[in-house]
Structures are given as structure tokens and as C-alpha cells.
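Take a look at the structure below.
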Amino acid sequence: MKKILVATVKPFAPQAIKEMKDIADSKGYELVLLEKYQSPEELKQAVQQADALIVRSDKINREILEAAPHLKVIARAGAGYDNIDLDAAREKDMVVMNTPGQNANAVAELVLGMMVYMNRNKFNGTAGTELKGKTLGIHAYGNVGKNVARIAKGFKMDVMAHDPFVSSEIVERDGIKDVEERDDLYEKCQYVSLHIPANPHTVKSIGYDLLKKMPENAVLINTARKEVIDEEGLLRLMEERPDFKYISDIAPDNKDILEEKFPGRVFFTPKKMGAQTAEANINAGKAAVKQIIDFFENGNTTYKVN
Ligand code: 3PG
């Protein structure tokens, strides 16, 4: 019987695990759990027996892959796969896949939730501001960006998007203004929500020169990856612009400095929780199990990313 190891430092909701187990059982696969593990050693131990692996943001480097002689497929239950060494996996003929879109609504709801929270001064009882009628720029119009646009339109925000990989027809079909140049999006929008992946082209790409283009009372929302921010540039900008706020679901490395210098102007979730809902866990977890089984049974590699 083939073993699918679910290795998650940040566990799925119990209902998700139950539904994932049911699918695996019904198809004759064994689902093995390694939750809240404390060290890579524990993971190395567990992957020794695994034919397939399901992870979230768990770091899967060459060393882990080398400890997994039977491993054929890794499903990242989520969108971003910057936590997996794709080259090492390719060299070992291991297929890496993601489950795009399955947790997008959860992340998008958090974006708008954090925007309201900051607009209302962290619910401290003082008079805040509203989102209605304000400009929102969506940087990268993928699954999360689309969901953010949908919800923001419900708030009656003026929504625009920039994505060099998505045609303006697709953006405009959703009733969103397409902005061709990235910098124009920042110039036009009081709020910008980041949805770019972390890769060699995007790391540290959001910095001082770009952010200083944003209009008065600017708010940058990051539910993507901390690596895309040039943290020194952000710090410099926040020192110069007392009107600028930064909200993130992935605390920056200079979190302590930002929190100390700019209380009330920054907010960081204690743990990345954008995709941490029962629904997102169920959707992404089940998709991961199904894709793995479809790979073994039919050779389906539709969501392969390496
Ligand atoms: C993703 O890339 O899908 C999100 O960042 C969610 O990550 P998580 O599964 O670690 O919560």
C-alpha cells in the first residue's frame, strides 16, 4: 500500500484530515500524519517510508529529498512553492505540484479583514476611516488577486490591477481597471495588495522608490511573501512618511523595529494565517490527495511546477 505522508508544522483543520483520509482509504492509499514537528530530523525520518508527500509552507530542501528513497511526488497544498527545492526534486525525478486557487478565498478575506482592522485603528474606539470609494491596486491578478477584487468591489472600492502575465481582457471582464505599468498602479492607489510570488525576479522588488509613489495615507498589504519586500527601503519610507501604513500576514525580519517605531501604523499576524481556515484546509488538502492519486493511477501531472 502506497504511503502519503502529510507533514505540516502548521496542521490542517481536523475536518480536512478526516476528508483527506477518507479519499486515501477509498483508493487504497495510507495517509500518514506528521503534524507540528519540531525539527528537520523528524521530517527526514518520516519521509524515509513515503511514496508521496503533502506539505504547506514546510521547507523541503535537498537533504530532505535525499532521505526519501521512495518519494515520487510532492504536493504543496497551497499556491506558493518557494519552500521546495525544485531543482533537487527534478534531478531526483520527483514531481512537485501545487493546488492553485484552493485557499484563495481565505487569503482574500483576510486581506479585507486586516484593511478594515487598520482603518478602524485596531478597534481602539477612536474614529477611523472607511474603504468605500478608496482606490485599491491589486499587484498580480491570480487566484488570490481575483478574490480580493471581488470582495473589494462589494465594499465599493475603486479597484485596479497590474499583472504582466494576465491579459487586460481578463482583468476588464471582471470590471477591474487594468494598469499596464506597475509603477502607475502604486501612483494611483491609496491601498496596494501584494499577490506576487517570491522568485529571483521579485525578491526585494517592493522598495523605497516604488512605495514613495503611493498617494497620501497609503497602505501596503502583504499576504504574499516577506521576501518580496526590501525591508530597509520600507523602513526608510516609513520614517519619512508618517502617513504610510504596512499590514502583513508574514512578519518582516525587522518586525521589532517597525513595531517599536511605528505603533498604530503596522500590523503583523502572529503566524501566517491567510490560508488557515477549515474551508481552505479542506479544499487544498483534498485537492492534494486527489492529485497525488491521479498521478499514481493515471500519470496526471496537470499542476506540476518543476
Ligand atoms: C500559499 O502559498 O498557498 C499560502 O501562502 C498559504 O500557505 P500555508 O499553507 O503555509 O498557510
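The values are calculated or read from the model by the stated rules, or taken from the named source; none is laboratory data. Please read all numbers here as calculations on a predicted model, not as lab measurements. Please note: Cβ atoms are built from the backbone with ideal geometry, for glycine as well, and neighbour counts cover all protein chains shown.
The figures follow:
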{"item": "Residue under evaluation Leu220, criteria (1) more than 16 Å from the ligand (Cβ to nearest atom); (2) surrounded by fewer than 23 Cβ atoms within 10 Å (Cβ to Cβ), criterion not met", "result": "(2)"}
{"item": "Filtered residues of region 22-41 (kept if in a loop (DSSP other than H, G, I, E, B) and under 25 Å from the mean Cα position of the chain (by Cα))", "result": "Lys36, Tyr37, Gln38, Ser39"}
{"item": "Residue, farthest from Gln15 (Cα to Cα), within region 258-278, restricted to residues that are charged (D, E, K, R) and away from the ligand (no atom under 13 Å from the Cβ)", "result": "Lys261"}
{"item": "Residue list for region 173-203, filter: touching a strand residue (DSSP E or B) at 6+ places or on another chain (Cβ under 9 Å) and small (Gly, Ala, Ser)", "result": "Gly175, Ser193"}
{"item": "Tally, over region 62-84, of residues that are within 16 Å of the ligand (Cβ to nearest atom) and either farther than 19 Å from Gly142 by Cβ or at pLDDT below 95 (or both)", "result": "1"}
{"item": "Condition check for Gly113: exposed (fewer than 15 other Cβ atoms within 10 Å of the Cβ), among the small types (Gly, Ala, Ser), more than 20 Å from Lys226 (Cα to Cα) and free of Cβ contacts under 8 Å to residues at least 12 places away in the same chain", "result": "no"}
{"item": "Unmet requirement for Glu172, which otherwise passes all of (1) touching a residue at least 60 places away in the same chain (Cβ under 8 Å); (2) in a helix (DSSP H, G or I)", "result": "(1)"}
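This table checks each residue for (1) surrounded by fewer than 23 Cβ atoms within 10 Å (Cβ to Cβ); (2) acidic (Asp, Glu); (3) assigned by TED's automatic domain parsing to the domain that holds Leu211.
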{"residue": "Arg90", "(1), (2), (3)": "yes, no, no"}
{"residue": "Met118", "(1), (2), (3)": "yes, no, yes"}
{"residue": "Gly125", "(1), (2), (3)": "yes, no, yes"}
{"residue": "Thr135", "(1), (2), (3)": "yes, no, yes"}
{"residue": "His139", "(1), (2), (3)": "no, no, yes"}
{"residue": "Val144", "(1), (2), (3)": "no, no, yes"}
{"residue": "Arg150", "(1), (2), (3)": "yes, no, yes"}
{"residue": "Val166", "(1), (2), (3)": "yes, no, yes"}
{"residue": "Cys189", "(1), (2), (3)": "no, no, yes"}
